[in-house]
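In what follows, a structure is listed as structure tokens, so that the remarks can point back to it.
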Amino acid sequence: MITILTEEEIEFCKENAIKRYEWNKRQGNSDIADYNKSLFNLTSLQANLLGIIVEVALCKVLDVDYTDPAKFVAFSKNYADFQKPDVLGKYESRRANKQTSPLPVRKKDLDQDVIIVQGYAHYHQDEKLGRITDYGQVTWNGWLEAEAAWELGTVPSWSKSGDSKVVELKHLKAMEDLNDTLGTIRTL
């Protein structure tokens, strides 16, 4: 399944990637502590942009207004909200670094009983300048409930704390079944 963002949605992502990057920098929290940043060939700003693209694409899949902070907490002004799942208080989006990357699951996902949804944000990166272009399309790898993901997962070599696991893509559920998980959540 593929989701393509509109120019308006891409502009929203760009503007908010800068805001998120600057906010994280002020908080001294620019990267996920458990990740080995040297494995990625992106700046923090670029990673934020691609991450937000996947989050907004998830909102689009779930038919959620990405501009409503009550439904999409990524842009709330309340720091405590950033500890919550991305969409509707139930869905946590994860950006795949490669289309074949396994699904990462974190210990906090278990505590929040989330559904983890993984997408790959397509882009082109200039080899000389490192600049990224041609983004706005997300290919979905699938989704899994946090508890099932934790049970199926293995601790990867990059996990510094052991509080992260990864799940092979063959275990993920099809995106076409994701809307079945909404139930009464949509009424929030």
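Ordered by the number of other Cβ atoms lying within 10 Å of each residue's own Cβ, fewest first, Trp140, Trp23 fall into the sequence Trp23, Trp140.
Calculated FRET efficiency, Asn41 to Leu169, Cβ-Cβ distance, R0 = 25 Å: about 0.75 to the nearest 0.05. Entry note: the chain has Rg to Rh equal to 0.93, where both radii use alpha-carbon atoms and Rh is the Kirkwood radius.
First select every other residue whose beta carbon is under 9 angstrom from the beta carbon of Asp113; then total the charges, Lys and Arg +1, Asp and Glu -1.
Numbers: positive: Lys90; negative: Asp109, Asp111, Glu145, Glu147.
Local charge sum for Asp113: -3.
Using 0.36 nm per residue and subtracting the Cα-Cα separation, the extra length available between Lys160 and Ala70 on full extension is 29.1 nm.
Name the GluC sites (Glu not before Pro) in the range 100-163 that are in a loop by DSSP and that have at most 13 other C-beta atoms within 10 Å, would you? Working shown, then result.
Working: sites: Glu127, Glu145, Glu147, Glu151; in loops: Glu127.
Taking the range 100-163 and a limit of 13 other Cβ atoms within 10 Å, the loop GluC sites (Glu not before Pro) found are Glu127.
Over the range 2-187, Cα pairs under 8 Å with separation of 6+ residues give a relative contact order of 21 percent.
Within the shell of other residues whose beta carbon sits under 11 angstrom from the beta carbon of Thr3, the net charge comes to 0, with Lys and Arg scored +1 and Asp and Glu -1. Over the range 110-160, the pair-distance histogram of Cα-Cα distances with 10 Å bins from zero comes to 20, 31, 30, 18, 1 percent, rounded to whole numbers.
Charging the Cβ of each Asp and Glu at -1 and of each Lys and Arg at +1, and nothing else, the dipole of the chain about its Cα centre rounds to 660 debye. Among Leu49, Leu169, Leu58, Leu5, a tally of other beta-carbon atoms within 10 Å of each Cβ gives an order, fewest to most, of Leu169, Leu5, Leu49, Leu58.
A short reminder: the numbers here are calculations on the coordinates, not readings from a lab. Small disclaimer: the values here were computed from a predicted structure and weren't measured. Virtual Cβ from ideal backbone geometry, glycine too; neighbours counted across all protein chains shown.
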